[in-house]
Amino acid sequence: MSTQKVGVTRFLGTNCDRDIWKACENLGLTPEWLWHEDQFNIEDYRALIIPGGFSYGDYLRCGALAAKSAVMKSVTEAAKKGVPILGICNGFQILCETKLLPGVLLRNEGLKFIDDWVELKASTQNKNWNFPKTLKMPIAHGEGRYFIDSESLKKLQDRDQIWVTYASSNPNGSVQDIAGVIGSVDDKTMNIGGLMPHPERAMKDWMGSTDGQTLLAQFLQV
């Protein structure tokens, strides 16, 4: 890839943006903010990341208002052009609300906010998203229960779009233990990924794990 720039979206209520910024710098890349009110030139970026938080205070539904923002028009344009896009936690919710990824994120089973560490395993054979070992990363969400109807779930399975699943225990009641999925506008490119765990919070040993670095390095191709 010719450019080192990674676009990082910011909405009112985004709170993991600085963590993503530092993670990109840690991998030798150049992050650049993408403000929610603005559209941008998709040719400027090697990849886009939509961080976690509480965009627009989770008003109506998590990610529902962010999905209607100006910056997401450019993200959708980039998705159609095959630009790699990653949504983390609220970013995953936004991508589902934008219909760039299938399914929805519902209130956790038990209706409690969960802040914990989980083990993850890759469930896709797609070489761009598969990783060889179990990864340890933190979660922090109240609405992370992935749901999709049975017919659409079969399509996910048939198209190898289930990216990551919870390896040891399912913390939130997600269907089929799903923690993240991949997708694309053409159902072939598979350039879009979303997951509830936070790789940007598992970049150093002192954080508790370096497995987030493994995942982000693979996504950003560094």
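Every number here is computed from the coordinates shown, using simple stated rules; none is lab data. All figures in this text were calculated on a predicted structure; none of them were measured in a lab. All Cβ positions, glycine included, derive from the backbone under ideal geometry; neighbour counts span all protein chains shown.
Applying both filters, DSSP loop and at most 16 other Cβ atoms within 10 Å, to the trypsin sites (Lys or Arg not before Pro) of segment 1-95 gives R61, K81. Residues within the reach of a label modelled at K22 (point 7 angstrom out along Cα to beta-carbon, backbone nitrogen below 19 Å), restricted to segment 192-222, are 197-217.
The chymotrypsin sites (Phe, Trp or Tyr not before Pro) of segment 1-76 that DSSP puts in a loop, and whose beta carbon has at most 16 other beta carbons within 10 Å, are Y59. Within segment 104-222, the proportion of Cα pairs with more than 25 Å between them is 20 percent. Across segment 8-123, Cα pairs under 8 Å and at least six residues apart give a relative contact order of 25 percent. Among V164, V181, V71, the residue with the largest mean-square fluctuation in a Gaussian network model of the chain, with springs joining Cα atoms closer than 10 Å, is V71. For segment 1-139, DSSP calls about 35 percent of its internal beta bridges antiparallel. Specify the residue with the greatest mean-square fluctuation among P197, P84, P132, computed from a Gaussian network of the chain linking alpha-carbon atoms under 10 Å apart. Of P197, P84, P132, the most mobile in the Gaussian network model is P132.
When the P(r) of the chain is calculated, the portion above 32 Å amounts to 8% of the C-alpha pairs.
Distances between every pair of Cα atoms in segment 1-121, grouped in 10 Å steps from 0 to the bin holding the largest one, split as 13, 45, 32, 9, 0 percent. You can think of it this way: the chain between D38 and T134 has 30.8 nm of extra reach, that is 0.36 nm per residue less the Cα-Cα gap. Cross-link reach is defined here as a Cα-Cα straight distance under 19 Å, omitting same-chain residues fewer than 8 places apart; for K127 the aspartates and glutamates meeting it are D158, D160, D186, D187, D211.
Placing +1 on the Cβ of every Lys and Arg and -1 on the Cβ of every Asp and Glu, with no other charges, gives the chain a dipole of roughly 220 debye about its Cα centre.
The chymotrypsin sites (Phe, Trp or Tyr not before Pro) of segment 100-168 that DSSP puts in a loop, and whose beta carbon has at most 15 other beta carbons within 10 Å, are F113. For the cross-link pairs K68/K112; K80/K204; K68/K136; K22/K80, the ones whose C-alpha atoms lie over 31 Å apart are K80/K204; K68/K136. Over the C-alpha atoms of segment 41-110, the Rg to Rh ratio, Rh being the Kirkwood estimate, stands at 0.98.
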